[in-house]
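**Q** Can you keep this structure in mind? I'll have questions shortly.
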């Protein structure tokens, strides 16, 4: 099942406190985004990569693609005001029937998950990677526990998220018309009253958001021999 992938990489990631785009932070001597791109670069089912960037960083991304010999076609698209706008810009450049949306700062995906997501999206229209919540969840107000939430039906949503291109474009266009900002792309599809299927992911598929996440990422890379999982 061939697909294209849209990777938003324009945000500065202020919670990382790195003073630069977190995509360029190095893990074991290689930028985070290069680890992520390498997985799609090596996947024969990936027909193209659409990288959504800050226009001011265009030369840096071009240099990175050259340094790490990213020979697969990479389209550089300029980002928008919010992540949702950036993803929409990327989707408009897509041509495949199936498109994935994946965070550039999640370098620990594998092709087995990608294949399952692509197949499910082809059959059902929309799918997202997710894992069951492990911790006890409590609803809190003014630093006081209001209730303990029953967790058996709670899942932590990850990326990639996979869609039929026509469906996710419709969802983004409706959200844009109504000036609605969702928490992820799947939430926009939900607003069309279209079901989103869950494909169980992996707990190591973390998003690098804070400095502490870099410590976890380095431990994963060291255990796996220095490279993200393919």
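**Q** Using a Gaussian network for the chain with springs between C-alpha atoms less than 10 Å apart, which of these wobbles most: 184, 59, 97?
**A** In the Gaussian network model the winner is 59.
**Q** Which length gain, in nm to one decimal place, applies between residue 204 and residue 173 when the Cα-Cα distance is subtracted from 0.36 nm times their residue separation?
**A** 7.9 nm
**Q** Under the definition of Cα pairs under 8 Å and six or more residues apart, what whole-number percent is the relative contact order of the chain?
**A** Normalised by residue count, the contact order of the chain is 25 percent.
**Q** So what does log10 I(q)/I(0) come out to for the chain at q = 0.08, 0.09, 0.11, 0.14 Å⁻¹, using the Debye formula with one equal point on every Cα and no solvent?
**A** Debye output, listed in q order: -0.29, -0.37, -0.55, -0.91.
**Q** Moving on to the next point. Give the shape of segment 1-53 as rounded, prolate or oblate, defined through the alpha-carbon gyration tensor: a ≥ b ≥ c are the square roots of its eigenvalues, a/c under 1.5 means rounded, and otherwise the shape is prolate if a/b is larger than b/c and oblate if not.
**A** Oblate shape, in that a/c is at least 1.5 and b/c is the bigger or equal ratio.
**Q** For the chain, what does -39500 (n - 2.57) per DSSP helix run (n ≥ 4), summed and divided by total residues, give at 222 nm, in deg cm²/dmol to the nearest 500?
**A** Helices in the chain give a 222 nm mean residue ellipticity of -10000 deg cm²/dmol.
**Q** Taking the chain as a Gaussian network, Cα atoms linked when under 10 Å apart, which of 162, 126, 45 shows the biggest mean-square fluctuation?
**A** Highest fluctuation of the listed residues: 45.
**Q** In terms of the Cα gyration tensor, with a ≥ b ≥ c the square roots of its eigenvalues, is segment 101-230 rounded because a/c is under 1.5, prolate because a/b exceeds b/c, or oblate?
**A** oblate
**Q** Residues of segment 98-113 with the amide nitrogen closer than 15 Å to a label point 7 Å from the Cα of residue 155, along Cα-to-Cβ, please.
**A** From segment 98-113, the list is 113.
**Q** In whole angstrom, how far apart do the alpha carbon centroids of segment 31-49 and segment 97-113 sit?
**A** 9 Å
No lab work stands behind these numbers, since they all come straight from the coordinates. Fair warning: this is a prediction, and the values are worked out from it, not measured in the lab. Note: ideal-geometry Cβ built from the backbone for every residue, glycine included; neighbour counts use all protein chains shown.
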